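The values are calculated or read from the model by the stated rules, or taken from the named source; none is laboratory data. Since we're looking at a predicted model, the values are computed, not measured. Neighbour counts run over all protein chains shown; Cβ positions are idealised from the backbone, glycine included. To get the accessible areas, we keep the full protein, side chains included, count just its heavy atoms, and leave off ligands, DNA and RNA. Shrake-Rupley method; radii C 1.70, N 1.55, O 1.52, S 1.80 Å.
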Amino acid sequence: MIIGENIHKSFGDLEVLKGIDLQVQPKEVVVLVGVSGSGKSTLLRCFNFLEEMNSGKITIDGHTINPKKDKLANIRAEVGMVFQHFNLFPHKTVLENVIEAPIIVKKMDKEKAKQLGRSLLEKVGLADKAEVYPSKLSGGQKQRVAIARALAMEPKVLLFDEPTSALDPELVGEVLQVMKQLAEEGMTMVVVTHEMKFAKEVADRVIMLDKGVIIEDADPKTFFENPKNERTRQFIQLVE
Ligand code: ADP
Ligand code: MG
């Protein structure tokens, strides 16, 4: 569904991604881990062209992206992203947040978008919050709105960048539950998270990024019980 080949990215003299190759199959859930600064966010941002690569190639559902020719809004419609800090529009209601992009980018009819928006809010357990403003929601509710908003574009892949890291511990579960449900429904997902329980239960593959290089790529059982790389072992001891 998404193929990254030989992705290089530097910020000035700092080489953050040093030739990343990553393939994600349709319906696959890949959890991406690594210490802070290893390049996880930068890699996700390259995948939906929030960050311009220095070199490399990205193919989405068989179509190799040419960032000079393809419209970025169209690419981002195919590769949805959920951020640590939700990034909801504060002056729009929950429903307006969810339907904004389909109406603006996909030119969806407003009534149809509202229907879609309400069904997505129901899916994330927030049907009763359609008309309220984000400031009235808990962090876990805000993040579930952000997930509904990403789904509203009917993306081919969803990227999550530490979606529960900004949440109080008691709110983490409700967001992970929604993500787990999406995984079960066959959504293709790449998830940066420190929630190792989620990685063990939901991931098809766990990938460890270290200083801009993939050093481990295995099924969860192998990753946690028998990693190849010493740095992966150290990381697992730190987070568990
Ligand atoms: P992670 O998400 O794994 O913590 P990041 O991808 O955010 O890592 O960052 C990797 C490295 O790139 C860090 O050293 C960070 O400081 C640097 N970096 C990230 N974004 C920028 C930027 N816009 N300008 C300069 N340096 C950046
Ligand atoms: Mg990050």
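Below is a table of values for the structure above.
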| quantity | calculated |
| --- | --- |
| Spacing of the two label points (7 Å from each Cα toward its C-beta) at SER36 and SER119, in nm | 4.2 |
| Within the stretch 1-89, trypsin sites (Lys or Arg not before Pro) in DSSP loop having at most 16 other beta-carbon neighbours inside 10 Å | LYS27, LYS68, LYS69, LYS71 |
| Solvent-accessible heavy-atom area per residue, rounded to whole Å², over the chain at 1.4 Å | 48 |
| Length-normalised contact order for the stretch 83-240 - Cα pairs under 8 Å, 6+ apart - percent | 19 |
| Normalised contact order of the stretch 7-144, rounded percent, pairs of Cα under 8 Å and 6 or more residues apart | 18 |
| Under the span-like rule (Cα at least 20 Å along the axis, Kyte-Doolittle mean at least -1.0), DSSP H helices of the chain | 169-184 |
| Kirkwood estimate for the chain, i.e. one over the average of 1/r between Cα atoms, Å | 18.4 |
| Extension gain (nm, one decimal) between TYR133 and GLN234, 0.36 nm per residue minus Cα-Cα | 32.0 nm |
| Antiparallel %, DSSP beta bridges [both residues in the chain], to 5 | 55 |
| Cβ-based net charge around PHE83, under 14 Å, with every Lys or Arg adding one and every Asp or Glu removing one | +3 |
| Stretchable slack from GLN181 to LYS221, in nm (0.36 nm times residue separation minus alpha-carbon distance) | 12.3 nm |
| Euclidean distance of C-alpha centroids, the stretch 78-115 and the stretch 188-236, integer Å | 32 |
